[in-house]
Amino acid sequence: MRILPGTRWFDTPPHSSSDPVVRHLIAQRDIEWSNSMIEAANKHLKYHFLYHHHIANHAALVTYVAEAVDQYNHRPHHVLQGLSPFEVLDGKRFDAEAHCHRIELAKQHRLTENKKESCCRYSF
């Protein structure tokens, strides 16, 4: 483990005890050089793509990782308010009014489709 100059992982209490006091440090706030964001992306890649797919060899892994990264970059993300990473990089901004309008249209479409079905005696 590499400790950067000026970084302290624990403090010794002033009452002459040698037991360290552990400080809670938060990545990206208390530690500028943290790689927690890329680690989160790697975890997502592993758990949502790689662990659910049989990969026969290194060439297949290279191909599949490229496809998985492309899918990841083009799908909507909650943290980006439903935009994809590529949309954000292209400068697209979240439009709350348009989003609410799309939700309302989807709701109306769903209700219309449900009324067409006669699978039950309930009315929608």
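What follows draws every value from the coordinates through simple rules; no lab data is involved. These figures come from a predicted structure and were not determined experimentally. Don't worry about glycine lacking a Cβ; one is built from the backbone with ideal geometry, like all the others, and counts go over all protein chains shown.
Within the same chain, lysines fewer than 8 places from LYS107 are excluded, and of the rest, those with a Cα less than 17 Å from its Cα are LYS115, LYS116. Working ranking of peptides 40-48, 24-32 by packing, defined as the average number of other Cβ atoms within 10 Å per residue, highest first, is 40-48, 24-32. Residue by residue through the range 47-63, which ³J(HN,Hα) values in whole Hz follow from phi under the Karplus form 6.51 cos²θ - 1.76 cosθ + 1.60 (θ = phi - 60°), with glycine and proline marked x? My calculation for the range 47-63 gives 6, 9, 10, 6, 5, 9, 9, 7, 10, 6, 7, 5, 4, 5, 4, 4, 5 Hz in order.
Our estimate of slack between ALA41 and HIS78, defined as 0.36 nm per intervening residue step minus the Cα-Cα distance, is 11.9 nm. For the range 89-103, putting each phi into the Karplus relation 6.51 cos²θ - 1.76 cosθ + 1.60 with θ = phi - 60° gives couplings of 5, 7, x, 5, 10, 5, 10, 4, 5, 5, 4, 4, 5, 5, 5 Hz, in residue order, rounded to whole numbers and with x for Gly and Pro.
Comparing Cα centroids, the range 58-119 and the range 29-46 end up 23 angstrom apart. Length gained on full extension, ARG102 to ILE26, computed as 0.36 nm times the residue gap minus the Cα-Cα distance: 23.7 nm.
Work out the FRET efficiency for TRP33 and ILE55 from their Cβ-Cβ distance, taking R0 = 35 Å, and round it to the nearest 0.05. If you can, show how the numbers build up before the last one.
Details: r = 32 Å, r/R0 = 0.92.
Approximately 0.60, to the nearest 0.05.
Under 5 Å between amide hydrogens, built in the peptide plane, is the criterion, and for ILE31 it picks out ILE26 among residues at least 5 positions away or on other chains.
Please compute the Kirkwood hydrodynamic radius of the range 31-116 from all pairs of different C-alpha atoms, in Å with one decimal. Write down the numbers at each step before the final one.
Values: mean 1/r = 0.0625 Å⁻¹.
The Cα-based Kirkwood calculation yields 16.0 Å.
Both numbers refer to the Cα atoms of the range 21-76; Rg and Dmax are 15.6, 49 Å.
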